Every structure is written in C-alpha cells, then in structure tokens.
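Student: I have a structure I would like to understand better, so I am pasting it below and will then ask my questions one at a time.
The numbers here are math on the coordinates, done by the rules we state, and not lab data. Remember, predicted model here, so these are calculated numbers, not experimental data. Ideal geometry is used to build each Cβ from the backbone, glycine not excepted, and the neighbour counts take in all protein chains shown.
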Amino acid sequence: MSEQIRFDCHLHSCFSSDSKARPEDVIRTAVGKLSGICVTEHNDFDYPPEDGKTVFNLDPDEYLSAYEALRPALPDSFTLLLGVEQGLQKSVADRVNAYDPEGRLDFIIGSSHLVRGNDPYYPSFWEGRSVTDALGEYFDSILENLSCCRNFDVYGHLDYITRYIPGRPKDFRLPDSCTDQIDEILKKLIALEKGIEVNTAGFCYGREPNPGRQILTRYRQLGGEILTVGSDAHRPEDIAFHFGACRELLLSCGFRYVTVFKKRRPAFVRI
Ligand SMILES: [Zn+2]
Ligand SMILES: [Zn+2]
C-alpha cells in the first residue's frame, strides 16, 4: 500500500449483485489501510437478467442506511463517503439524469459495462468481428453516452472493454484507430468539467490500471485534472489494490494530485 494514496474511491459490497462483502468487513479492513473510502455500489438500469434474475438494481435506502448505521463507530480520522457506480447507456439516459434527486450521494461514477446492450465479458460479444471494430463500437458508445448522460462525476475504467479481448497480451496497447475517438472523449469530459477514474483492478488483467499510460498521458496533455483512484474491490482484501504502483504511474504521467468527491464536489489531494 502506498503512503500517498490513502483514499479508495471505488469499491463494492453486498448491495452490488456481484459482491458478498459485508459492510462491517469492508469498513474494518479499510480503517486499517486508509484514511477514507467511497463505497460505490452498482446500479445498472436495464442490465440483461442473469439466470432469469434482475441484477444491479440497487435499493439506495437499504444501502445508505446500512452504512449510516456503522458511521458512529468510525474513528474520527476516517472518512466514509457513499456513492454509486452508475451504468451509462443512451437507452437509460433519462433515468440516469434523474438519479438521486435528494442529493444524498457523495459521488457517481459513470461506467460502460455494456456496449449498446451487449456485455463484452462474454465471448459471444467478440464473435464475428475484429478487435478493432469492437473497440471502435465501444468508444463510439461512450461518445453517445456523453451526448445524453450528465449525472455523473467521473467516467469509470474508460478502456474497460480491453480486459476482455480474447487472447489479450499482458502488454496490450490500444490501436491507432482509437486515437481520434479517445481524444474526442477526453476533450468532451474536460469541457463538461467531469473527470476520469483510474481503476487499479486493471492490474489483474495487464500491467496497468484502466485506463493505462496511453490514455492517462493524453488526458494530462489535454489539461485534464480531475482524476479519482479506486480499486474496484468486490472483496475487502482487495481494497487499495496496487495503489503504490498506481501512484508511481500517475507521477510519471505528470499528475501531482488525485481527486476525492464529497457531496458531488471535487477536492484535490496531493500524492
Ligand atoms: Zn465497473
Ligand atoms: Zn465497480
């Protein structure tokens, strides 16, 4: 664990369909490692049912009250923030934009887990087309999301799809065919005063976080400043995963600060 990145802004527990972690275990582990966390449970409108079951349909009342109940026992030195990882798609833009009207959340990560309704996690997504074409459609769908979804603070794991490229080499690099789309995405995010997330779960799939050096360097060149760091832990033991390596990478790309959102407002923390 790094001394310098002491805040994990992306993690899940049992209110996300793909985690069994108990909130009390999340908190206990985090207090031992960090100065604060932002829990970001999944909400994905219209996610395809899995085994006939609705998934990623968050009950915010249940989620927020479970964590609020743990707050009184926290040490004063520890900050607990509560957010959501919202699945972005054009087809659900209205619901995304109307989410959390009471302003109860500290932070919303907007993420692409589906490409126009299809999940790149499954091999069938990749059948019958080239990797270049699949990446093109993915980044195109992000541009589409940015034209209609407004209610989020950072775009999560921007090159998420690369985790699931069949036969992906560890040192995978995005092809040049993606350069213009990525530039357009980053410029649009900067113009919208939104940021990007560095997701250290990427170190499980390759040698870099998501996004990696290529996109981070370009974001910096274009003047991007808002950058949150999260482990995307679905188990307490993965909290702050590879934060030391992430800090080194960010410093080498020219970043000196990371961002933490509280009540949807950014604060900058030196790394
Ligand atoms: Zn995600
Ligand atoms: Zn996540």
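Student: Answer yes if at least one residue in the stretch 227-241 is closer than 26 Å to Leu82 by Cα, within 16 Å of ligand 2 (Cβ to nearest atom), in a loop (DSSP other than H, G, I, E, B) and of a type in the set (A, V, I, L, M), and no otherwise.
Tutor: yes
Student: Would you please name the residue that is nearest to ligand 1 (Cβ to nearest atom), looking only at residues in the stretch 196-214 that are surrounded by fewer than 23 Cβ atoms within 10 Å (Cβ to Cβ) and outside any loop (DSSP other than H, G, I, E, B)?
Tutor: Ala201
Student: On to the next question. Applying the selection to the stretch 72-95, what residues are under 18 Å from Phe15 (Cβ atoms) and in contact with a helix residue (DSSP H, G or I) (Cβ under 9 Å, 6 or more places away or on another chain)?
Tutor: The answer is Leu80, Leu82, Val84, Gln86, Gly87.
Student: Continuing with this model, one more query. Considering only the stretch 158-172, state which residues are in a loop (DSSP other than H, G, I, E, B) and either touching a residue at least 60 places away in the same chain (Cβ under 8 Å) or within 16 Å of ligand 2 (Cβ to nearest atom) (or both).
Tutor: Leu158, Asp159
Each row is one residue, and each column tells you yes or no for (1) without any contact (Cβ under 8 Å) to a residue 12 or more places away in the chain; (2) among the hydroxyl-bearing types (Ser, Thr, Tyr); (3) farther than 18 Å from Val96 by Cβ.
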{"residue": "Phe7", "(1), (2), (3)": "no, no, yes"}
{"residue": "Leu11", "(1), (2), (3)": "no, no, yes"}
{"residue": "Cys14", "(1), (2), (3)": "yes, no, yes"}
{"residue": "Val26", "(1), (2), (3)": "no, no, yes"}
{"residue": "Leu34", "(1), (2), (3)": "no, no, yes"}
{"residue": "His42", "(1), (2), (3)": "no, no, no"}
{"residue": "Thr54", "(1), (2), (3)": "yes, yes, no"}
{"residue": "Asp59", "(1), (2), (3)": "no, no, no"}
{"residue": "Ala69", "(1), (2), (3)": "yes, no, yes"}
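Matching residues to (1) more than 16 Å from ligand 1 (Cβ to nearest atom); (2) not in a loop (DSSP other than H, G, I, E, B):
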| residue | (1), (2) |
| --- | --- |
| Glu24 | yes, yes |
| Ala30 | yes, yes |
| Thr40 | no, yes |
| Pro48 | no, no |
| Leu58 | no, no |
| Ser65 | yes, yes |
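Student: Can you confirm whether the stretch 229-247 contains a residue that is more than 20 Å from Ile37 (Cα to Cα) and either in contact with a strand residue (DSSP E or B) (Cβ under 7 Å, 6 or more places away or on another chain) or free of Cβ contacts under 8 Å to residues at least 24 places away in the same chain (or both)?
Tutor: Looking through the stretch 229-247, none of the residues is more than 20 Å from Ile37 (Cα to Cα) and either in contact with a strand residue (DSSP E or B) (Cβ under 7 Å, 6 or more places away or on another chain) or free of Cβ contacts under 8 Å to residues at least 24 places away in the same chain (or both).
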